[in-house]
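The values are calculated or read from the model by the stated rules, or taken from the named source; none is laboratory data. This is a predicted model, so every value here is computed, not measured. Virtual Cβ from ideal backbone geometry, glycine too; neighbours counted across all protein chains shown. Just the protein is used for accessible areas: all its heavy atoms, side chains included, with ligands, DNA and RNA removed. Shrake-Rupley method; radii C 1.70, N 1.55, O 1.52, S 1.80 Å.
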Amino acid sequence: MYAMQEVKGQKRVSETLRRGEKMEEKLEKLKAEEKKIGMTEAWLRKHRLLYTGATRHPFIHSIRDGTIDIAAFKTWLAQDYLFVRAFVPFAASVLIKAYKESDDDTDIEVILGGIASLKDEISWFKSEANKWGISLSNVVPQKPNKNYCGLLESLMRPEVEYTVAITAFWAIEAVYQESFAHCLEEGSQTPEELKEACERWGNEGFAQYCQSLQKIANLRLQKASDDELKNAEVALLSVLEHEVEFWNMSRASV
Ligand SMILES: Cc1ncc(CO)c(N)n1
């Protein structure tokens, strides 16, 4: 009898918590509408500290001020090569979701453009590794890399909605864009031999591609259900956390 009451009590508590979460999502949506900004911008404001942690990491600062230990850069390069290889099937899964769920043809074109440049990116990783004397065939993924690839795997599942997947996709690309663009800004002292790497993600074309992804995500989020909104916000936070861990991993290797 007592146990039954307790179960009912717990149910009530979790129901109340769920309602609270739903109200919070609605509030965020209203705030975004009021400020005439997209949902993604509203979330980046809400989670500013974490976003700054991912885009202004000490690893990035050390590239920008020229104090980077080249061993850390080499670790990052080798590990990111593995990450990008795992990112390709994730991007393909987003493409499939866009084909099935989007009513806007241009979504496919933006995502396809991203996939096409991944082919070029993989070639770049190979020649860059060659330049630094790294053999990519013997690289073992480190724990934070495995965890991040695990997140990609989970987001590839068919039951993950397009809105959630495209939000994560945008966030993954945007973190690199913001991080590496920072290394090329005026006053930066990025070593000459690292500039090409920074250019890959810090260039204007990549910035525009990220904006296109963000626009798609915002349009989808505007029409999303409370559940989708919640899942998309959680996916965004997971991406940011994994990005921080990825930088930490690269820096800790020296
Ligand atoms: C860890 C990581 N995040 C984002 C990108 C952008 O594609 C990348 N190459 N690697």
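Just a few scattered comments:
- For the chain, adding -39500 (n - 2.57) for each run of n ≥ 4 DSSP H residues and dividing by the number of residues yields -27000 deg cm²/dmol at 222 nm.
- Shape analysis of the stretch 207-250 places it in the oblate category; the axes a ≥ b ≥ c from the Cα gyration tensor give an a/c of at least 1.5, with a/b not above b/c.
- Tilt relative to the chain, helix 226-252 - C-alpha long axis, 0 to 90 degrees, to 10: 30
- Prolate/oblate/rounded label for the stretch 89-148 (Cα gyration tensor, a/c 1.5): oblate
- Note, ³J(HN,Hα) from phi for the stretch 154-160, Karplus 6.51, -1.76, 1.60, rounded to Hz, x at Gly and Pro: 5, 6, 7, 4, x, 6, 6
- Under Karplus coefficients 6.51, -1.76 and 1.60, residue-wise ³J(HN,Hα) of the stretch 42-58 in Hz, glycine/proline x: 4, 5, 5, 5, 4, 10, 3, 4, 5, 5, 5, x, 7, 9, 10, 6, x
- Taking the Cα centre of the chain as reference, the dipole from Cβ charges on Lys and Arg (+1) and Asp and Glu (-1) amounts to some 800 debye.
- Counting only residues at least eight positions apart within a chain, or on another chain, the aspartates and glutamates with an alpha carbon under 18 Å from that of K35 are E24, E25.
- Here the Kirkwood formula puts the hydrodynamic radius of the stretch 19-173 at 18.0 Å, using every distinct Cα pair.
- Tensor-based shape of the stretch 138-254 (alpha-carbon gyration tensor, a/c under 1.5 rounded, otherwise prolate or oblate): oblate
- The mean accessible area for residues of the stretch 174-218, using a 1.4 Å probe and ignoring ligands and nucleic acids, is 47 Å² per residue.
- Only lysines eight or more places from K100 in sequence, or on another chain, were considered; those with a Cα closer than 23 Å are K215, K223, K230.
- Folded to 0 to 90 degrees: helix 204-222 orientation relative to the chain principal axis, Cα: 10
- Cysteines in the chain lacking any other cysteine Cβ under 4.7 Å from their own Cβ: C149, C210.
- Here's the list of lysines a cross-link from K131 could span, going by alpha-carbon distance under 30 Å and ignoring same-chain residues fewer than 8 apart: K74, K119, K143, K146, K195.
- Computed E for K126/Q5 - FRET, C-beta separation, R0 45 angstrom, nearest 0.05: 0.10
- In order along the stretch 10-26, phi translates into HN-Hα couplings of 5, 4, 5, 4, 5, 5, 5, 4, 5, 4, x, 4, 4, 5, 5, 4, 4 Hz, rounded to whole numbers, per the Karplus curve 6.51 cos²θ - 1.76 cosθ + 1.60 with θ = phi - 60° and x for Gly and Pro.
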